[in-house]
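The numbers here are math on the coordinates, done by the rules we state, and not lab data. Computed from a predicted model, the values in this text were never measured in an experiment. For neighbour counting, all protein chains shown are included, and Cβ atoms are generated from backbone atoms with ideal geometry for every residue, glycine included.
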Amino acid sequence: MPGGFPLGLEICNGSSSLSGPSSKGTSVTAAAKAYGSWVQLIASTASDTCWMIVRIWPTGNSSNRCFTQIGVGAAASEVVIVNDLMATSGTAGVNFSEYSFPCNIPAGTRISARCNNTAADANNVQLILFDGSFTQMEGTAGVDSLGFITGNPSGTDVDPGASVNTKGSFVQFSASTARDYMGLMVMMGQNTTDNSATLAAAALPVLLDVAVGAGGSEFVIVPDAGWSVPSATSMASALFYPIPIPAGTRVSARAASGNNTASTRVIGATLYGIYQ
Amino acid sequence: MAIIIFRASDGSAVSYIPDNLTIAQAQAASQLADNATLASKGFSAIDGQPALDATHVWDTASKTVLTIAAKKSVISLLIFWQRFTATEREAIEGGFLTGTQPVKNAIAAFKTYLQSAGVADINDAYIQTKVQQMETAGFIAAGRAAQILV
């Protein structure tokens, strides 16, 4: 409600992992259909982190689906705190996907990344970190992915259906969430069988509803999350929705698209639950 | 197996549970609304269905999941042309430049069609027909059309 209880967002001390304005981040070599080796992004964070922006630039061709994990800890002892961030490659090395979310990491922490792509190539990964000011809310511990399929790798296919600009049927992303989430993010991209060239021909954008509740009783909590097809210079940004979802919740999504061609309309989506 | 929830009136799918559960099990686990709630919304549910994927789609008429042929790929123009060898591409180009007028017309129209689409949808009957004709005309060897049109 307007004028309600303070949300508790106040960040400061922004720092970037980029070496310079022309850099796209640290090159992280991806294995094909499995996570590759960890690559250090930051040897030791200069200050506490309360907010993180992750930017992922795939360098492979447009047929690749790209996923990135962020981990903390010493080499060979990395612990995953951010799972399976999806990036869509439209034009290789030009498009990027971006995530912005609360994430708490103490000063002096080593942060690294590893990638899992359709093909063995590389992603450039950049971090922008912020400390929290006086009224910043209580900490968050990490990010779970919902709907990520490891072996493909891909998100979950969502078919907008045969009717143009009409929401299709809900697709389950989680039968029962493993933890309480204090917020979520949504990312859309390539589906499990086609590639971004498919989507480029299809004159999207796509609107996605995220819902909670049992099949047949879904209640939309995020209406019309939007995504437009990757072009030569486009980017995809996952908005942070501070909507709590308790553990044990069924989460699903449905989509609408301006394209109803069976071979090109299906999109892939991954949802992310931020937990404390 | 999976559960599909659909509108009883027209069979259109409303929701999908990919887990191998019966309706009773899903309802007991709160993954599926109870029968009274489904009925109040005009919905029905069917279990024991194949999971929805590239070769399994929901059919509104029969209100079941049907098996379909796998879709062929939809690829960028570069990847499409890379499926031809350099020799084949040059042979096609030669046909465009020096062939009979009908051959020139066919190749030019094919290239214009692809360029307009921006991608090569191998499910497109026109693309399939033209690549087959390239094989018949000898621009690509016997059997190559099947290798390209995947």
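Inter-chain Cβ neighbour count for A:261-267, averaged per residue, equals 3 (cutoff 10 Å, partner chain atoms only). Taking each of A:LYS33/B:LYS104; A:LYS167/B:LYS111; B:LYS71/B:LYS111; B:LYS41/B:LYS71 in turn, the alpha-carbon distance tops 32 angstrom for A:LYS33/B:LYS104; A:LYS167/B:LYS111; B:LYS41/B:LYS71. Note on the stretch A:41-171: Cα-Cα pairs beyond 25 Å make up 35% of the total pair count. Using a 10 Å cut-off around each Cβ of peptide A:242-250, what is the average number of partner chain Cβ atoms that fall inside? Mean shielding count: 1. Cβ-Cβ distance of B:ALA36 and A:SER163, R₀ of 25 Å, FRET efficiency by 1/(1 + (r/R0)^6): the value works out to about 0.30.
Computed from point charges on the beta carbon alone (+1 for Lys and Arg, -1 for Asp and Glu), the dipole magnitude for the stretch A:62-187 about its Cα centre is near 120 Debye. Count Lys and Arg as plus one, Asp and Glu as minus one, and take only other residues whose Cβ is under 11 Å from that of B:PRO18; the net charge is then -3.
Considering all different alpha carbon pairs of the protein assembly as shown, the Kirkwood hydrodynamic radius works out to 23.4 Å. Near A:MET182: Cβ cut-off under 14 Å, other residues only, Lys/Arg at +1 and Asp/Glu at -1. The net charge is -2. Only Lys, Arg, Asp and Glu carry charge here, each on its Cβ (+1 for the first two, -1 for the last two); on that basis chain A has a dipole of about 420 debye about its Cα centre. Extending 7 Å from the Cα toward the beta-carbon at both B:THR64 and B:GLU90 defines two label points whose distance is 5.6 nm.
A straight Cα-to-Cα reach below 16 Å connects B:LYS130 with the aspartates and glutamates B:GLU88, B:GLU93, B:ASP121, residues fewer than 8 places away in its own chain not being considered.
Packing, taken as the mean count of other beta carbons within 10 Å per residue, orders the peptides A:134-147, B:91-104 from highest to lowest as A:134-147, B:91-104.
Averaged over peptide A:207-215, the number of partner chain Cβ atoms lying within 10 Å of each residue's Cβ comes to 4. For chain A, the antiparallel share of DSSP beta bridges with both residues in that region comes to about 90%.
The peptide list A:149-160, B:5-16, B:121-132, put in order of mean Cβ contacts within 10 Å with the highest first, becomes A:149-160, B:5-16, B:121-132.
With a cut-off of 11 Å between beta carbons, the residues surrounding A:VAL39 carry a summed charge of 0, where Lys and Arg count +1 and Asp and Glu -1.
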